[in-house]
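So the structure is just underneath, and the comments pick up after that.
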Amino acid sequence: MVASLIRGVTLAILVLCFGSDSLAATIEEYKSKIDSTRKQAIELENKLRNDDSNESDIREFAVSIRRDFPSAERIEWNGGTVETTSGWLLDKIRELEGGTDAKKRLLAVVEIREYLSAISFKLEELRLAATAERTKDQDKQKLAEILRREEYQKPQEKQESVVQEWLRRFMEWLESIFSRSSEPAPAFSGLKALTILLQVLIYGGLLAMLGLLVYKIAPLLFPKLKRSRKPKKGKERIILGEQVSEDATAKDLFAEAERLAREGNLREAIRKGYVALLCDLSDRKVIGLARNKTNRDYLRDVRSRRDLHQRMRSVTDTFERHWYGFQESADQDWARFREEYHEAIRSV
């Protein structure tokens, strides 16, 4: 099970090597470096967006990455070591240092931040998978220990004392006397009108609750009743580091992706198509856009929708493989991405 999960970490972990290596870092230390560098990337991204950065900030960020991420590194995992490579990250740092255009530098930092976020997410999946490997016998043993605690034992029934029994019998005797001598109480004036008023209020409240329930459930049963939310005028939309114009729709963005694919720029087409998907989900009020959200953050936002989450996960994996350069893009890759895109939209 662990080996299959490790093979799925396509963004960072490339080769699984079993053996001992005294110089290998633990997976916790490696994840700590990833998270720390991601925070630095977010700080640098904010400075670049606010035109508050200088060359020393770029240089300091590049030095930090070269110090913490060598071209090859071994990580301790499950009694062996995992070999990782940082070639893409180091290439991107050289691109960042060598560039002078502010927009291209900002895009490079955003890509680094997304790359580190994806690795952090995969490492967390590995940690959770290892935790879940406890056997059922261990779980049963732990449950048995808990149930043996005093607070979980069934309380013993308390027997009535002599005094309590006498008191109970006396109260029962009094009740029998008053029940025999009591007569029906006369009806109060206006009681019938009060009863009618209460019935009207109760029925009115029930109708209001039923109307609210229909208003909330009808869009789920009949998706065509949903109204696409148009972007608010004057509100900036930034999706995965890309600023989307106020009047651009998801249809416009996907049309741009189709144009890029026809020109042979398949990697850019897949990224533009993924941005179009996020824009569409935002317009349908399925997710909320945020400047610092990554593709994995958006994927977590739809985890409660099983069908959409399954299809969006497939689209996200395709986007990550092609955008971060781990897989060459071909015409059939774009065709498969386009089909996954439309399946995800239909599942909303």
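The values are calculated or read from the model by the stated rules, or taken from the named source; none is laboratory data. Keep in mind that this is a model prediction, so the values were computed, not measured. Cβ: placed from backbone, ideal geometry, glycine included. Neighbour counts: every protein chain shown. Surface accessibility is based on the protein's heavy atoms, side chains included, excluding ligands, DNA and RNA. Shrake-Rupley method; radii C 1.70, N 1.55, O 1.52, S 1.80 Å.
Which residues, taken from the range 322-348, are out of contact with any helix residue (DSSP H, G or I) (no Cβ under 9 Å at 6 or more places or on another chain) and surrounded by 16 or more Cβ atoms within 10 Å (Cβ to Cβ)? Passing the criteria: none in range.
Out of all the residues in the range 63-86, is one or more under 15 Å from residue 45 (Cα atoms), surrounded by 15 or more Cβ atoms within 10 Å (Cβ to Cβ) and out of contact with any Ser or Thr (no Cβ under 7 Å at 6 or more places or on another chain)? Checked against the condition, which is being under 15 Å from residue 45 (Cα atoms), surrounded by 15 or more Cβ atoms within 10 Å (Cβ to Cβ) and out of contact with any Ser or Thr (no Cβ under 7 Å at 6 or more places or on another chain), the range 63-86 yields no hits at all. If we scan the range 152-161, do we find a residue that is at pLDDT below 70 and surrounded by 10 or more Cβ atoms within 10 Å (Cβ to Cβ)? Scanning the range 152-161 turns up at least one residue that is at pLDDT below 70 and surrounded by 10 or more Cβ atoms within 10 Å (Cβ to Cβ). For the range 278-296, residues that are touching a Leu at 6+ places or on another chain (Cβ under 9 Å) and not acidic (Asp, Glu) total 10.
Test residue 113 against the stated conditions and say whether it is surrounded by fewer than 19 Cβ atoms within 10 Å (Cβ to Cβ) and either assigned to a helix (DSSP H, G or I) or touching a residue at least 24 places away in the same chain (Cβ under 8 Å) (or both). Full working, then the answer.
Working: surrounded by fewer than 19 Cβ atoms within 10 Å (Cβ to Cβ): no; either assigned to a helix (DSSP H, G or I) or touching a residue at least 24 places away in the same chain (Cβ under 8 Å) (or both): yes.
Answer is no for this residue.
Taken together, 38, 59 contain a single residue that is of a type outside the set (Ser, Thr, Tyr) and modelled with pLDDT of 90 or more, which is 38.
Return yes or no: is residue 334 more than 20 Å from the chain's Cα centre (by Cα), under 21 Å from residue 125 (Cβ atoms) and among the hydrophobic types (A, V, I, L, M, F, W, C)? Lay out the reasoning, then the answer.
Values: more than 20 Å from the chain's Cα centre (by Cα): yes; under 21 Å from residue 125 (Cβ atoms): no; among the hydrophobic types (A, V, I, L, M, F, W, C): yes.
No, not satisfied.
Suppose the filter is at pLDDT 80 or above, open to solvent by 40 Å² or more (accessible area, probe 1.4 Å) and either of a type in the set (A, V, I, L, M) or not in a helix (DSSP H, G or I) (or both); does residue 91 pass it? The answer is no for residue 91. Annotation note: Cβ proximity below 6 Å between a residue of the range 66-85 that is of a type in the set (Asp, Glu) and a residue that is open to solvent by 30 Å² or more (accessible area, probe 1.4 Å) (sequence gap 6+ or interchain) occurs for 68/33; 76/26; 83/15; 83/17; 83/74.
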